[in-house]
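Encoded as structure tokens, the structure appears first; notes follow it.
The values are calculated or read from the model by the stated rules, or taken from the named source; none is laboratory data. Remember, it's a predicted structure, so these values are computed and weren't measured experimentally. Cβ atoms come from the backbone with ideal geometry, glycine included; neighbour counts cover every protein chain shown. The accessibility values were calculated without ligands, DNA or RNA, using every heavy atom of the protein model including side chains. Shrake-Rupley method; radii C 1.70, N 1.55, O 1.52, S 1.80 Å.
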Amino acid sequence: MQNASTTPKRLSILLVEDTFSERYYIASLLQSFQPDDIEFEITQCEDGLTALDTCKLHDFDLIISDWRMPNMTGVELCKRLKASNNPAFFLLLTGNDKTEDMVYAMETGADDYITKPFLASVLKVKVLAAVRLIQAKKKILENNQKLEIELNNKQTELEQAATLQQSLLPKEDLSFDNWHVKHFFEPAAELAGDIFQCFKINEEWIGFYVIDVSGHGARAAMLSFTLAQGLSPQRMDWQLAPEVLMHRLNLLFDDPANLGQFATVILGKINIKTHQVYMSSAGHPMPLIISKNDVQTLSVPSGLPIGIDKNSQYSTGEYQLYPGEQLLLFSDGVYEVNHPQHGMFGLARFKQRCAEAKNLPANKLLKHLTYVLNLWKQNQPQDDMSLLLFTAPET
């Protein structure tokens, strides 16, 4: 019994010839040409019209057809099949040996031709050459199908990872004792290196962080997942000072492939009773304080981005938010967006847009900023964009 690896491959052939004796002769030759590893399945038709109907019911790898036949010629059959995108290799047999006839036959879509009368050896060479092309085409199609399946599986995995990443972001509308939190997240690719979160530590404090891992895609996303998990209240003691949290996060950072990855981070906590804010930065863009009167850059003590030096030192800055003021945190992908003619949007322009929209409610402020930024980059993905906006109660 033959196993799967030794079972001959099948190749279906349609032979179209109106003369019975010719058809029988060619079919016999084809059987004698059959390679050891391929089994020919030969179907016979006596004219082009019958062959056309047969092709509607069955798929063939190779069609060998005479030119001149009743009801429908081989050339017309070829034209009709090629017009319907039939992929079969078409070998035309003809008694016409004029150059213009051969050119016409090939222009109608025939893949090859043989002039009659022909030698059996010539037919064998033509058929075996066609078989090699057919087998090569099948192999390419099989590989493409395997690749498509793999790509679909990868796409599914990416979509699942993107869903997981989205689940690690804050809920759409957060509030803590009349403190309101709004945010915006737009990844440059399906998976992002940006991640941020805000959560309740206890009855008096809320914690927050914004992480921006260098690079894009799965590697950056996996690292941001790891860092986010490390900062979760279940794993990190948020009673500690922000500088201590940053130091521990820096020790947690791991770049096993030694690709030179790093991450900028800003983290801190807010006392929702006294409006005190404590923050530490690791090379992250400085946040903005937006009030009814102006927009100011908050100078947060900063050390090196995490992942560069395990011994890097960090400090904590203390600030006071007043009623109605807003604290805006963001990644550098927000202001580093580029316009094809006008260049980078820039931090100064971003700050100016915040100032122009400072009297808008929090949700409209973020919508205004993201609209302006997407307009500047003409809605083309560039870098991950993250914005986290805290609004202190009016009283």
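At a glance:
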read-out	value
Residue in the stretch 233-247 that is among the basic types (Lys, Arg), within 25 Å of the chain's Cα centre (by Cα) and at negative phi present	no
Filter result (in a strand (DSSP E or B) and among the polar types (S, T, N, Q)) within the stretch 292-316	Gln296, Thr297, Ser302
Single match in Gly215, Gly193, Gly260 (criterion: open to solvent by less than 30 Å² (accessible area, probe 1.4 Å) and either within 23 Å of Ser175 (Cα to Cα) or at pLDDT below 85 (or both))	Gly193
Count - residues of the stretch 352-375 that are over 24 Å from His342 (Cβ atoms), assigned to a helix (DSSP H, G or I) and either over 35 Å from the mean Cα position of the chain (by Cα) or touching a residue at least 60 places away in the same chain (Cβ under 8 Å) (or both)	2
Single match in Val131, Val127 (criterion: out of contact with any helix residue (DSSP H, G or I) (no Cβ under 6 Å at 6 or more places or on another chain), touching a residue at least 12 places away in the same chain (Cβ under 8 Å) and either of a type in the set (Asp, Glu) or surrounded by 20 or more Cβ atoms within 10 Å (Cβ to Cβ) (or both))	Val131
Pick from the stretch 317-345, criterion of a type in the set (S, T, N, Q) and touching a residue at least 40 places away in the same chain (Cβ under 8 Å), ranking: nearest to Gly268 (Cα to Cα)	Gln320
Total residues in the stretch 23-51, condition open to solvent by 50 Å² or more (accessible area, probe 1.4 Å) and touching a Pro at 6+ places or on another chain (Cβ under 6 Å)	2
Index of the failed condition, Ala83 passing every other in (1) at negative phi; (2) open to solvent by less than 60 Å² (accessible area, probe 1.4 Å)	(2)
Residue ID - nearest to Leu366 (Cα to Cα), chosen from residues in the stretch 171-188 that are assigned to a loop (DSSP other than H, G, I, E, B) and in contact (Cβ under 8 Å) with a residue 24 or more places away in the chain	Pro187
Near pairs, Cβ below 9 angstrom, 6+ apart or cross-chain, from the stretch 270-282 (modelled with pLDDT under 95) to any residue that is crowded, with 24+ Cβ neighbours inside 10 Å and in a loop (DSSP other than H, G, I, E, B)	none
Candidate set: the stretch 52-72, residues that are touching a residue at least 60 places away in the same chain (Cβ under 8 Å) and open to solvent by less than 20 Å² (accessible area, probe 1.4 Å); chosen: the one nearest to the chain's Cα centre (by Cα)	Leu62
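Conditions (1) β-branched (Val, Ile, Thr); (2) surrounded by fewer than 15 Cβ atoms within 10 Å (Cβ to Cβ), marked per residue:
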site	(1), (2)
Leu304	no, no
Gly317	no, no
Gly333	no, no
Val337	yes, no
Ala348	no, yes
Pro361	no, yes
Leu366	no, no
Tyr371	no, yes
Leu375	no, yes
